[in-house]
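Heads up, the thing below is written out as structure tokens.
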Amino acid sequence: MKNYDVVIIGGGPAGLAAGIKAYDYGAKVLIIEREEITGGILNQCIHNGFGLTRFKESLSGPEYASRFIEQVAKRDIDVLTETTVLSIDKNNKTVTAINSKEGIFEVNAKAIVLAMGCRERSKGALNIAGSRPSGLYSAGTAQKYVNIKGYLPGKEVVILGSGDIGLIMARRMTLEGATVKAVCEIMPYSSGLKRNIVQCLDDFGIPLYLSHTIVDIEGKDRVTAVTICQVDQNKKPIKGTEKRFECDTVLFSVGLIPENELAKDAGIELNRLTKGATVYQNRETTSSGIFACGNVLHVHDLVDFVSEEAEIAGISAAQYALNGAKEHDSVDCIAGDNVSYVLPQKIDKNLSGAVKLFFRVRKSLNNCKVKVCVGDKTVIETKKRVVRPGEMEHVLIAEDKIKSLDGNVTVSIEGCEL
Amino acid sequence: MYDVVVVGGGIIGGAILRELTRYRLKVCLIEKQSDVAMGQSRANSGIVHAGFDAPVGSLKAKFNVLGNAMMENYAKELSVKFKRNGSLVVAFSAEDMVTLSELKARGEENGVTDLKILDADSLFELEPNISKNALGALYAPTGGIVCPYKLTVAVVGNAMDNGADLYTNFEVSSISGKFGDFTISSQDGQNVKTKIIINCAGIGCQKIANLAGDYSFTIGGRKGEYILLDRECENFVKQTLFFTPSKKGKGILVSPTVDGNIILGPTAKEVDDANVLTSEEGLKEVQEKASKMCENVPFGQTITSFAGTRAFCDRHDFIIEESKSVSGLINCAGIESPGLTSAPAIAKFVVEKLVSSRIDLRFNTSFNGHREPTDFFNSLSIEQKNQLIKEKPEYGKIVCRCEKITEGEIIHAIKTNPPATDIDAVKRRTRAGMGRCQGGFCQPQVAEIIARELGIPLEKVTKFGKGSYLLRGKTK
Ligand SMILES: Cc1cc2nc3c(=O)[nH]c(=O)nc-3n(C[C@H](O)[C@H](O)[C@H](O)COP(=O)(O)OP(=O)(O)OC[C@H]3O[C@@H](n4cnc5c(N)ncnc54)[C@H](O)[C@@H]3O)c2cc1C
Ligand SMILES: Cc1cc2nc3c(=O)[nH]c(=O)nc-3n(C[C@H](O)[C@H](O)[C@H](O)COP(=O)(O)OP(=O)(O)OC[C@H]3O[C@@H](n4cnc5c(N)ncnc54)[C@H](O)[C@@H]3O)c2cc1C
């Protein structure tokens, strides 16, 4: 059986960055990736806009990934591609995987990093009445067909959901000669980045229908038309507001979910709000020696933050593998008013360094005040101009404050509704 | 020239086709869709009925009881999962209790064994989630469950292994000639010649009979809608639960499926064509009725809803006979419920009694009724899997991440009779794309494997045949 200090599951940006840091700390590292090449979902994101924070330049997805792939190649890090992890034993820290060369085999680790990324929420979960013809795709599947396989799924498109992948695909399909007739979003706001709405819809004159959803799908073999309808506050369709669009393709961009089946089967504690593991600030889960980072932990909108988080997880995993487990002495982080989740969910007072608390807001707000409270004591108060549900926010808790935390930490935000 | 052509690739046509291959005959199956099991035999409840429901003396009663008794060995030979989970007809009023005694008497007259009336306490012991308003039930331990489309795929596959031909994408649009020399044709110019035709076209039976010159019956459609719950709800109920039939209308059933899901439905609504659209009202009705049968039905675990259309005929019983007006045409029409249950018995009767009166039957000594399980890979030990991966590396490559299906299993589905030629056919046989992401990740890869194995361009791969193409050509 093979033995490693740190085994990383998933070779996307998260797994790569974690591997580099774990190796540099002195650990013997293995990265396991299911696809033929590492880089994760970035390989199909050929548009620009990656790395603005980290590298101060606008890279394509593959360019961003290649910076990390090169760094991995320079080190003595083992990478197994075309290998799928089937299960994890969280107590013995064994990982069972399968590939064509070795069949089904086990690897022993001292620490494990989960970096499996996320998947798109499926259209099936929406329960739309009508027929089930072909031509209904999740936006990511369409992205793979266009950018990786070189095929166009359809020519007249309606998109449900205004997540970033949907917005990016609206532009991509238009550039490939398709007509995007509408993007409709059931919420009164888009969950995508502001810059994507401007650059992918506005610049191409593609209409965005907020507070709208698809109520009917027509077509026996291939989709031929959809009807969209405005919805009220309870997301119920309002009769009389129907609009029908003829189309041969419907793309669904209705959210991303961390891919946590492995973690769930292994009995690792998952958080109801993020659908990822519950972690301390070093990204250790509540199962000792198992770490998580990137989209498998919580869905990020910018890959730059994925890399940052993965580096934390990589170093922590190496420390665990080489120095052994440490006692936790922790407080919980709680989502307060207008905040949908906070990550990490636990702050361990025994760990050194400042803590960046990431959070998402429930609605778009203007002229905001972010408050971090311990009990009824406000410990931090900062201002933000604008916050949106589609964009992750953070607030920094300085190292000296951590030691003296004597209760759970609540993050809340107030401001004027946009 | 074929000896016998079977029209319609449902469970009835498939079972008859397989039965025919026991004899030295040249036979084929014609199906208008791109795969078999695309009609009633795909979307139904999958219940192997005990046989107390059908009127005494009817063909329904006769074949139901015979079919029920045959099903266990039938499914085993074909490596299809079958479970005798038992049925319960639940009473909610004193009037219902009276009906239960009538049903019991009728069942016994039909030949159903071991029927028992249970009081409320014994019922709650068997099914703790049943509504507290229940007063008692008729218990039929011989009731069972089976996956209808897996059974259909298996019978057709086994028939093909024994020499039968299959023509898919062949929609019969004209029939000429007479007994001993029929020609069956499609609009797009396909032709086959045959001595005998067996009409098993489900909702299309009337059309096929009419094309051959038989106008003796009419077929109507009655739609039934279903809700399917996740396998996490396994054991919510263990038996198949029916409402007691009454003048107030028909109830639905609540049942486990052999694959561990819970199925709720079907509704009953008359429709003009083979309409299989789900509707808001239909699904609401299913929810309301299921909530009357059981406490706290976990609707939050709904994974899909679907509909099927029953093909019923104006004679209100199965029609299983040689046409009175067209010699050499055997009609198996109006095979609504309990048609799935009856299929093995109907097939035997049709071949041994009806076909044999027209053609001499001589045994095919090389007939082998056994079919390897399609999901054989999962049942292997790790050592056996590793041995297989050494010989065929494609079994080491996971394609569908949610259900953990390998490329080897997908290739197997494409190469095994009846071959899967589109995305949905692969899905029905292997579960690839049936998991949580619903094919979001693996569809492009499955499409590529199909294209490669069939030697067709990727643009030609479809979701379920004909116009259900996936792609509109290459990018710029
Ligand atoms: C379809 C799609 C499109 C996106 N487009 C954009 C975009 O345009 N811009 C943007 O900023 N962000 C985009 N994102 C978000 C993007 O995912 C993140 O920015 C970033 O790629 C996340 O990195 P990661 O390493 O956490 O996950 P991923 O990049 O998803 O990497 C996870 C890796 O783990 C592997 N893996 C998973 N399970 C196993 C297993 N059991 N065994 C072995 N390997 C496994 C996967 O194959 C994958 O390579 C997109 C996400 C999706 C799903
Ligand atoms: C909602 C519902 C619930 C049911 N529940 C049960 C149950 O629990 N237990 C039970 O025992 N039975 C049940 N049944 C009944 C059972 O499903 C049917 O009796 C059985 O599937 C009938 O099979 P078949 O082969 O006759 O028809 P089908 O499966 O409909 O097959 C007919 C085939 O003929 C093809 N065809 C039609 N026209 C043409 C043409 N012109 N050219 C070529 N091909 C053609 C069709 O495409 C189709 O594939 C149920 C039925 C329904 C609809």
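The values are calculated or read from the model by the stated rules, or taken from the named source; none is laboratory data. From a predicted model like this one, the values you see are computed outputs, not experimental measurements. Positions of Cβ are backbone-derived with ideal geometry, glycine not excepted, and every protein chain shown enters the neighbour counts.
Okay, here's what the table says:
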| quantity | calculated |
| --- | --- |
| Positions within the range B:37-96 being assigned to a helix (DSSP H, G or I), touching a helix residue (DSSP H, G or I) at 6+ places or on another chain (Cβ under 7 Å) and within 11 Å of ligand 2 (Cβ to nearest atom), in sequence order | B:63, B:64, B:67, B:68, B:71 |
| Close pairs (6 angstrom Cβ cut-off, 6 or more residues apart or separate chains): away from chain A (no Cβ under 14 Å) in the range B:41-55, near ligand 2 (Cβ under 7 Å from one of its atoms) and assigned to a loop (DSSP other than H, G, I, E, B) anywhere | B:41/B:10; B:49/B:338 |
| Strands (runs of 3 or more DSSP E) lying entirely in the range A:258-376 (those with 2 or more residues that are out of contact with any Ser or Thr (no Cβ under 9 Å at 6 or more places or on another chain)) | A:330-335, A:355-361, A:365-374 |
| Options A:185, A:156, A:176: the member that is within 26 Å of residue B:278 (Cβ to Cβ), acidic (Asp, Glu), more than 26 Å from the chain's Cα centre (by Cα) and not assigned by TED's automatic domain parsing to the domain that holds residue A:298 | A:156 |
| Search result, residues across the range B:435-460 that are more than 10 Å from chain A (Cβ to nearest Cβ) and hydrophobic (A, V, I, L, M, F, W, C) | B:446, B:449, B:450, B:451, B:454, B:456 |
| Residue match in the range A:124-142 (condition: facing chain B (nearest Cβ under 10 Å) and under 20 Å from residue A:13 (Cβ atoms)) | yes |
| Matching option when the condition is in contact with a Pro (Cβ under 8 Å, 6 or more places away or on another chain), within 16 Å of residue B:352 (Cβ to Cβ) and either of a type in the set (Val, Ile, Thr) or away from ligand 1 (no atom under 16 Å from the Cβ) (or both), among B:15, B:37 | B:15 |
| Qualifying positions in the range B:371-394 - more than 9 Å from chain A (Cβ to nearest Cβ) and either surrounded by 17 or more Cβ atoms within 10 Å (Cβ to Cβ) or closer than 30 Å to residue B:73 by Cβ (or both) | B:371, B:372, B:373, B:374, B:375, B:376, B:377, B:378, B:379, B:380, B:381, B:384 |
| Condition broken by residue A:165, with the remaining ones in (1) at the interface with another protein chain (Cβ under 10 Å from one of its Cβ atoms); (2) within 20 Å of the chain's Cα centre (by Cα); (3) within 30 Å of residue A:20 (Cα to Cα) satisfied | (1) |
| Flag if residue A:200 is outside the structural domain of residue A:418 (by TED's automatic domain parsing), within 25 Å of the chain's Cα centre (by Cα) and buried (at least 23 other Cβ atoms within 10 Å of the Cβ) | yes |
| Residues of the range B:444-476 satisfying the condition of being polar (S, T, N, Q) and within 12 Å of residue A:149 (Cβ to Cβ) | B:445, B:475 |
| Pick from the range A:384-403, criterion part of a helix (DSSP H, G or I) and either of a type outside the set (Val, Ile, Thr) or in the same structural domain as residue A:167 (by TED's automatic domain parsing) (or both), ranking: nearest to residue A:305 (Cα to Cα) | A:399 |
| Residue within the range A:236-247 that is surrounded by 15 or more Cβ atoms within 10 Å (Cβ to Cβ) and part of a helix (DSSP H, G or I) present | no |
| Filter result for the condition that a residue is closer than 23 Å to residue A:264 by Cα, within 14 Å of chain B (Cβ to nearest Cβ) and more than 16 Å from ligand 2 (Cβ to nearest atom), over A:306, A:296 | A:296 |
| Residue check for residue B:385: within 16 Å of ligand 1 (Cβ to nearest atom), in contact with a strand residue (DSSP E or B) (Cβ under 7 Å, 6 or more places away or on another chain) and of a type outside the set (A, V, I, L, M, F, W, C) | no |
| Only listed residue being within 16 Å of ligand 2 (Cβ to nearest atom), of a type in the set (Lys, Arg) and crowded, with 17+ Cβ neighbours inside 10 Å, chosen from B:348, B:397 | B:348 |
| Qualifying positions in the range A:41-67 - assigned to a helix (DSSP H, G or I) and over 18 Å from the mean Cα position of the chain (by Cα) | A:63, A:66, A:67 |
| Odd one out for residue A:159 among (1) at the interface with another protein chain (Cβ under 8 Å from one of its Cβ atoms); (2) more than 26 Å from residue B:377 (Cα to Cα) | (1) |
| Residue under evaluation residue A:153, criteria (1) near ligand 1 (Cβ under 9 Å from one of its atoms); (2) farther than 24 Å from residue A:261 by Cβ, criterion not met | (1) |
| Given (1) surrounded by fewer than 22 Cβ atoms within 10 Å (Cβ to Cβ); (2) in contact with a helix residue (DSSP H, G or I) (Cβ under 9 Å, 6 or more places away or on another chain), index of the condition residue A:73 fails | (2) |
| Qualifying position, being modelled with pLDDT of 95 or more and either surrounded by fewer than 19 Cβ atoms within 10 Å (Cβ to Cβ) or under 22 Å from the mean Cα position of the chain (by Cα) (or both), among B:229, B:253 | B:253 |
| Close pairs from the range B:156-178: first in contact (Cβ under 8 Å) with a residue 24 or more places away in the chain and within 14 Å of another protein chain (Cβ to nearest Cβ), partner among the basic types (Lys, Arg) and within 12 Å of ligand 2 (Cβ to nearest atom), Cβ under 9 Å, at least 6 apart | B:169/B:32; B:169/B:466; B:171/B:32 |
| Residue A:61 within 13 Å of ligand 1 (Cβ to nearest atom), at positive phi, surrounded by 23 or more Cβ atoms within 10 Å (Cβ to Cβ) and not aliphatic (A, V, I, L, M) | no |
| Matching residues, the range A:196-218, being assigned to a loop (DSSP other than H, G, I, E, B) and touching a Lys or Arg at 6+ places or on another chain (Cβ under 9 Å) | A:206, A:207, A:211 |
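One line per residue, one yes/no per condition, for (1) more than 16 Å from ligand 2 (Cβ to nearest atom); (2) within 14 Å of another protein chain (Cβ to nearest Cβ); (3) free of Cβ contacts under 8 Å to residues at least 60 places away in the same chain; (4) within 18 Å of the chain's Cα centre (by Cα):
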position	(1), (2), (3), (4)
A:7	yes, no, no, no
A:13	yes, no, no, yes
A:39	yes, no, yes, yes
A:69	yes, no, yes, no
A:78	yes, no, no, no
A:97	yes, yes, no, no
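For every residue, the table says whether it meets (1) assigned by TED's automatic domain parsing to the domain that holds residue A:192; (2) more than 11 Å from residue A:402 (Cα to Cα); (3) surrounded by 13 or more Cβ atoms within 10 Å (Cβ to Cβ).
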position	(1), (2), (3)
A:336	no, yes, yes
A:339	no, yes, yes
A:343	no, yes, yes
A:352	no, no, no
A:355	no, no, yes
A:373	no, yes, yes
A:376	no, yes, no
